[in-house]
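Some notes on the structure that comes next.
The values are calculated or read from the model by the stated rules, or taken from the named source; none is laboratory data. Since the model is a prediction, treat every value here as computed from it, not as a measurement. FYI the Cβ positions are ideal-geometry reconstructions off the backbone, even for glycines, and counts take in every protein chain you see.
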Amino acid sequence: MSSTTIRRGRASAFTLIELLVVIAIIAILAAILFPVFAQARQAARGAASISNLKQLTLGVLMYEQDYDSQYPMFQSWQMDAPVSWGGPTNWTMWTFTTAPYLKNSQIFADPLYGPSSLPSWNQSVYPDYGYNYTTLSPTFVTTSPWQFQGTSEATILAPAATVMFTGRWDEKEAKGNCYYGPSTLVDVGNAEAPDCTTIPSECWTDWSPGGNNACVGLQQTEVAGWFTGGDSVRKSNNMNYSFVDGHAKFMQPGQGAAGSSWYLGIPNGTIKITNPSIYLWQVIPTGV
């Protein structure tokens, strides 16, 4: 007669040392992976930011095809403008005139810049991107109210090397609204060229620290654009740009100021255009 012997073993439990080793391994893996995840999120925001810039640029190009090859005005004051802004007339800017070609006001928000700290204000009024108005919509009347005009497409000599948009500070970086008084320029939605000394009637601040920016409460950081006329540093200390031909990319601030004497911290009023052939902010004289 055979018998079967059944052996019952005692289940082994983790010792304290083994548990601590597992926890240490998990902690090491987390320390390695979390920065990777953060970089992936930042890369995704950077891709969305460049996509927004490109879509804004294409919207402007569609606009100018419908309006006799004239780029949209930077800002204007007229009775049928959509926003009432103190003074005798209402106010509009490029975000409103290009809106029918974009269909989404959230495109004016830069994912790299975060949500507005002033939710009661529409993103179309305070965009995170600025328009190269000194080239594409210069002033022709510099008394109150300031008047702008759209530049003709034919005057752009190098579309692939002329800035249209870049990231800029918005009201979250300032202490209150920045403006020049009733029926005068509201200092929003504009991208400033490195050199303003030669075009003081058209340009509001150069790339020296703070420049002559009307918003005296602007935070003194690169993200706020304190050293670059309000044009802000974004991903990996680079600035995001789109160009008149429709392409967009990230560039170092020094590359954005190519053809000028700019350097970080240059004294106010001393920036000059040194090589117009590589200057990315083609200047159109007033009245053109």
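Contact list please: Cβ distance under 6 Å, first residue in segment 19-46 and closer than 22 Å to residue 109 by Cβ and surrounded by 10 or more Cβ atoms within 10 Å (Cβ to Cβ), second residue at pLDDT 80 or above and among the basic types (Lys, Arg), pairs at least six apart or on different chains.
Listed by first residue and then by second, the contacts come to 46/235.
Can you report the number of residues in segment 244-274 which are part of a loop (DSSP other than H, G, I, E, B), over 25 Å from residue 47 (Cα atoms) and touching a strand residue (DSSP E or B) at 6+ places or on another chain (Cβ under 7 Å)?
Going through segment 244-274 one residue at a time, the tally reaches 4.
Hey, does segment 137-155 have a residue that's crowded, with 23+ Cβ neighbours inside 10 Å, under 15 Å from the mean Cα position of the chain (by Cα) and at pLDDT 65 or above?
No, segment 137-155 contains no residue that is crowded, with 23+ Cβ neighbours inside 10 Å, under 15 Å from the mean Cα position of the chain (by Cα) and at pLDDT 65 or above.
Looking at (1) in a loop (DSSP other than H, G, I, E, B); (2) touching a strand residue (DSSP E or B) at 6+ places or on another chain (Cβ under 9 Å); (3) modelled with pLDDT of 85 or more; (4) of a type outside the set (S, T, N, Q), find the lone condition where residue 241 falls short.
(1)
Sort out which residues of segment 225-242 are buried (at least 22 other Cβ atoms within 10 Å of the Cβ) and small (Gly, Ala, Ser), and write them in order of number.
225, 229, 230, 232, 242
Every residue, every condition in (1) hydroxyl-bearing (Ser, Thr, Tyr); (2) in a loop (DSSP other than H, G, I, E, B); (3) under 17 Å from residue 151 (Cα atoms); (4) modelled with pLDDT of 80 or more, yes or no:
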residue: 40; (1), (2), (3), (4): no, no, no, no
residue: 54; (1), (2), (3), (4): no, no, no, yes
residue: 80; (1), (2), (3), (4): no, yes, no, no
residue: 98; (1), (2), (3), (4): yes, no, yes, yes
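So for segment 243-260 (the condition being in contact with a helix residue (DSSP H, G or I) (Cβ under 8 Å, 6 or more places away or on another chain), crowded, with 18+ Cβ neighbours inside 10 Å, among the aromatic types (Phe, Trp, Tyr) and within 12 Å of residue 206 (Cα to Cα)), does at least one residue qualify?
No, segment 243-260 has no match at all.
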